[in-house]
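Step one of this worksheet: look at the structure below.
The values are calculated or read from the model by the stated rules, or taken from the named source; none is laboratory data. Everything numeric here is computed off the predicted structure, so don't read it as measured data. Cβ atoms come from the backbone with ideal geometry, glycine included; neighbour counts cover every protein chain shown. Please note that ligands, DNA and RNA were not included when accessible areas were found on the heavy atoms of the full protein model with its side chains. Shrake-Rupley method; radii C 1.70, N 1.55, O 1.52, S 1.80 Å.
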Amino acid sequence: MDFQGFWTFAVNRSEKAWALLGEHAVLVFIAIAIAIILGIIIGILITYSKPASHAALWICQILMTIPSLAMFGLLLPFFGIGFKTGVTTLILYSLLPIVRNTYTGIKEIDPSILEAAQGMGMKESSILFRIKLPLAAPVIMAGVRTATVMIIGIAAIASYIGAGGLGHFIFQGINRWNMNMVLLGAIAVSILAIIVDFLMKKVEHRMVTK
Amino acid sequence: MIKLENVTKIFPGSKQPAVDRLNLEVPEGEVCVLVGPSGCGKTTTMKMINRLIEPSEGKIYINGTDTATVNPIKLRLDIGYVIQEIGLFPHLTIAENIATVPREKRWPADRIRARVDELLDLVGLDPEIYRNRKPSDLSGGQRQRVGVARAMAADPPILLMDEPFGAVDPITRAHLQNEFIRIQEQMKKTIIFVTHDIDEAIKMGDKIAVMRDGKLIQYDTPDNLLSQPADDFVAALVGRNRSIKRLHLIKVRDVVLNEIPTVKPLDPVDTVKQVFEGSKYRVVMVVNDAHRLMGVIGPEKLKRYGDGVTAGDIMEECQSTIELGATLNDALSVMLNYGERYVAVLGRKKELQGIITLGYLLELVKDDAA
Ligand SMILES: Nc1ncnc2c1ncn2[C@@H]1O[C@H](COP(=O)(O)OP(=O)(O)OP(=O)(O)O)[C@@H](O)[C@H]1O
Ligand SMILES: [Mg+2]
């Protein structure tokens, strides 16, 4: 491996790299934003029904076991080539950690706290927004972080079905036997994941100590 | 008024009822203490009153209304609830915790703020120090006080308190009890108070409900519970040395002799003599128009003075006095202290309420010696 050569390559392609990084980030951001909303809502709803919680967590688990390439393929007929299929796939993969952590975060709250709230006459909506969600927030945040880091990686594969992002370098590099290009894509994805993980950990930590 | 009518709770999957055909009536403004061994159904009974648990059978009325017909949220907002496990919200400040119900009731912010400070003062926590702290910064006893303050926040007419002083050391506990009695004297709320501790029950309760295995064994005043325990179980619960317990635990208020002859300061000594002779006590109390105790006159003074002298001239200062809220033990101490065979019982504004004599006190204890 020729480090000098890689560095020159990277510098030459930096403009394209930033553009792809931007695409990648947007893809992940939109997916995670939607997944947070969906995942938290599902996670909250299933705390009210045991059968529903089993079903929902089971479905999310199954989704996770589908190889990502297959998932893209399965969704193509519905959303076509490009961005939409990419985002949808990423949302589906993000759901499990967010739904599961929302569910456990709420379920793990000391029952006496909820009983006190209920016994004093708080409405369920007040209990949810003033007690349950704030107390579950650090756990939910941990789920969001896991999901984000995970789909930053999966998003690289989304380039294959034309959703853009850093995967573009990887697939083009493979096609052209250009290892520098593959490496650049891979390193950029890793760095993005590490930075996002670090930042979100900080946010999470602030939530716990608050 | 709270009324339980044949209330039964059988939890799903269990054969034994947790609460078994319970009948109980708590008049307005009174404290009813539930005592009994662990698992006898005290908490379950409380939770049925605010509908955290629905009874399997029977009805519960609050001021004549069947609670099953009231929206549970509405019902609970007017029933202060101190949960056995305290259950403070760990992510909220003490002030926010206390403000829970007022907030649900949409009080304006400044009214809530004023109320929070007032309650912190009431439970003996300096608002300046504790207002913005988190529950985790407080000791167990302080948390329990916050729990009590939180239950009283919106001034509910009814309080359900499940072992509110359970997790506190004996000294703090006695202090909180006294504080509570003082507060209750002003507030006159209808209270159901759960405890394991028979001494606490006797001290706090207007009436005590002894429970075992979900059944009500005896529902009586502390006085009767001590002197006439319904069965061996209650007798064992109230324990030995009941005579001494009575001294410690029976309040002057409950046994004071109210009908005592009094005179006014300007009454002539002849009147005083007449009153003295018609009285079974060996002392005559002198009161002013507001019924405040001005002094006492004993038999020696009456013998020495005759015409032309008024009660005010010959009365002596009365030192042997005690407040309504004190215990018989306190009363005995005062008598011994001042070498008198009586103690004058005074109300909040020093108005004369009655008398307790040594003979009467001994009689009360002797009743119970069996
Ligand atoms: N949710 C529940 N499901 C099933 N059984 C219950 C439930 N809550 C209480 N019980 C049972 O009902 C009985 C009465 O319980 P309860 O909590 O009322 O007792 P308690 O008098 O408050 O006891 P303690 O003094 O220990 O607090 C116990 O046998 C308990 O195991
Ligand atoms: Mg209990």
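Here are some notes:
- Residues considered: B:T45, B:T8. Of these, the only one that is within 14 Å of chain A (Cβ to nearest Cβ) and either within 18 Å of B:A209 (Cα to Cα) or out of contact with any Phe, Trp or Tyr (no Cβ under 9 Å at 6 or more places or on another chain) (or both) is B:T45.
- Qualifying residue in the range B:340-350 (condition: assigned to a helix (DSSP H, G or I) and over 23 Å from B:Q186 (Cβ atoms)): no
- Residues that are of a type in the set (S, T, Y) and either surrounded by 13 or more Cβ atoms within 10 Å (Cβ to Cβ) or touching a Pro at 6+ places or on another chain (Cβ under 6 Å) (or both) within the range A:29-55 comprise A:T47, A:S53, listed in sequence order.
- Within the range B:309-327, considering residues that are hydrophobic (A, V, I, L, M, F, W, C) and more than 15 Å from the chain's Cα centre (by Cα), the one nearest to B:L358 (Cα to Cα): B:I322
- Test result for A:I106, closer than 30 Å to B:R76 by Cβ, assigned to a helix (DSSP H, G or I), open to solvent by less than 40 Å² (accessible area, probe 1.4 Å) and in contact with a Gly (Cβ under 8 Å, 6 or more places away or on another chain): yes
- Scanning the range A:113-143 for residues that are open to solvent by 10 Å² or more (accessible area, probe 1.4 Å) and assigned to a helix (DSSP H, G or I) yields a count of 20.
- Residue satisfying all of: in the range B:74-97; facing chain A (nearest Cβ under 7 Å) and within 16 Å of ligand 1 (Cβ to nearest atom); nearest to A:I109 (Cα to Cα) among these: B:G87
- Qualifying position, being open to solvent by 30 Å² or more (accessible area, probe 1.4 Å), among the basic types (K, R) and assigned to a helix (DSSP H, G or I), among B:R246, B:R253: B:R253
- Some residue of the range B:59-71 being within 30 Å of B:R115 (Cβ to Cβ), among the hydrophobic types (A, V, I, L, M, F, W, C) and within 16 Å of ligand 1 (Cβ to nearest atom): yes
- Matching entry among B:E57, B:E25, B:E85 (being within 16 Å of ligand 2 (Cβ to nearest atom), in the same structural domain as B:R150 (by TED's automatic domain parsing) and open to solvent by 60 Å² or more (accessible area, probe 1.4 Å)): B:E85
- All positions within the range B:279-306 that are touching an Asp or Glu at 6+ places or on another chain (Cβ under 7 Å) and assigned to a loop (DSSP other than H, G, I, E, B): B:A290, B:H291
- Residue-level check: of (1) within 21 Å of B:K251 (Cα to Cα); (2) open to solvent by less than 40 Å² (accessible area, probe 1.4 Å), B:G295 misses just (1).
- Of all residues making up the range A:1-15, the number that are open to solvent by less than 100 Å² (accessible area, probe 1.4 Å) and within 15 Å of A:V182 (Cβ to Cβ): 6
- Hey, B:T190 open to solvent by less than 10 Å² (accessible area, probe 1.4 Å), over 26 Å from B:L24 (Cα atoms) and modelled with pLDDT of 95 or more or not: no
- Check on B:R131, within 14 Å of chain A (Cβ to nearest Cβ), open to solvent by 40 Å² or more (accessible area, probe 1.4 Å) and not β-branched (V, I, T): no
- Scanning the range B:281-293 turns up one or more residues that are under 32 Å from the mean Cα position of the chain (by Cα) and on the phi > 0 side of the Ramachandran plot.
- Here A:T148 clears all of (1) more than 22 Å from the chain's Cα centre (by Cα); (2) crowded, with 22+ Cβ neighbours inside 10 Å; (3) in a helix (DSSP H, G or I) except the condition numbered (1).
- Residue within the range A:58-78 that is in a helix (DSSP H, G or I), under 30 Å from B:M161 (Cα atoms) and more than 14 Å from chain B (Cβ to nearest Cβ) present: no
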